[in-house]
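Following: one structure in structure tokens, then a few remarks.
The values are calculated or read from the model by the stated rules, or taken from the named source; none is laboratory data. Small disclaimer: the values here were computed from a predicted structure and weren't measured. All Cβ positions, even for glycine, are placed from backbone atoms using ideal geometry, and neighbour counts span all protein chains on display.
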Amino acid sequence: MRIVKLRDISDLKTGPFGTQFSASEYVSNGIPVINVKNIGYGSISAAGLDYVGENTLERLSEHKLKAGDIVFGRKGSVDRHCLICREQEGWMQGSDCIRVRFIDDSVYPEFVSYFLLTNAVKIKINNSAVGSTMASLNTGILGDIDITLPEYTEQKRIALILGEIDKKISKNNMVNDYLYYQSSMVA
């Protein structure tokens, strides 16, 4: 087991902003863009996705997402992040986001995503965020987070177990929603 700084095992990249990219480049259909509004706690909310055209994505190719990347919002609920899966590979990182891309082969991204969801890490991020009106995150703050890494096989084992638990919770929530809906129809 070793403790490393997030910056030592990953490349941290702020999303395009200013003169690089403007809101007028959004299109009604195209390549999805993950913005702060789409970031949950370890997941992506597809509701309200924005899109860019192929030309915009190619011009901003350094912001093209890969499976295993983790994306944080830079403003607001800065302790939220999403893990990019194969289905989102090729999407674009939004303006107010920070992308974490692992450069160390001994890191299992799903494990780090779960680790970043622990209360201790979320408290550290929230306490380190800057800004008096709205919490704001930067690559320096994010890179300074300590990550406890067991051996790769142990990281994978833990992440797979937690993933199975998440699936069961999701299924249970769907059953609860269905039962609630059914009971409201009877009443």
**Q.** Leading residue by the ranking (surrounded by the fewest Cβ atoms within 10 Å (Cβ to Cβ)) among those in segment 91-130 that are among the polar types (S, T, N, Q) and closer than 17 Å to Ile39 by Cα
**A.** Thr118
Q. Could you say which residue among Arg59, Arg80, Arg101 is under 19 Å from Val4 (Cβ atoms) and basic (Lys, Arg)?
A. Arg101
Q. When only residues in segment 25-47 that are touching a helix residue (DSSP H, G or I) at 6+ places or on another chain (Cβ under 6 Å) and without any contact (Cβ under 8 Å) to a residue 40 or more places away in the chain count, which is nearest to Cys82 (Cα to Cα)?
A. Ser45
**Q.** Single condition Ser22 does not satisfy, out of (1) farther than 22 Å from Gln155 by Cβ; (2) touching a strand residue (DSSP E or B) at 6+ places or on another chain (Cβ under 8 Å)
**A.** (2)
**Q.** Test: residue in segment 45-61 that is among the polar types (S, T, N, Q) and under 22 Å from Val107 (Cα atoms)
**A.** no
Q) Which numbered condition trips up Leu83, out of (1) touching a His at 6+ places or on another chain (Cβ under 9 Å); (2) under 30 Å from Ser106 (Cβ atoms)? A) (1)
Q: Return yes or no: is Ile39 modelled with pLDDT of 95 or more, under 13 Å from Gly94 (Cβ atoms) and within 16 Å of the chain's Cα centre (by Cα)?
A: yes
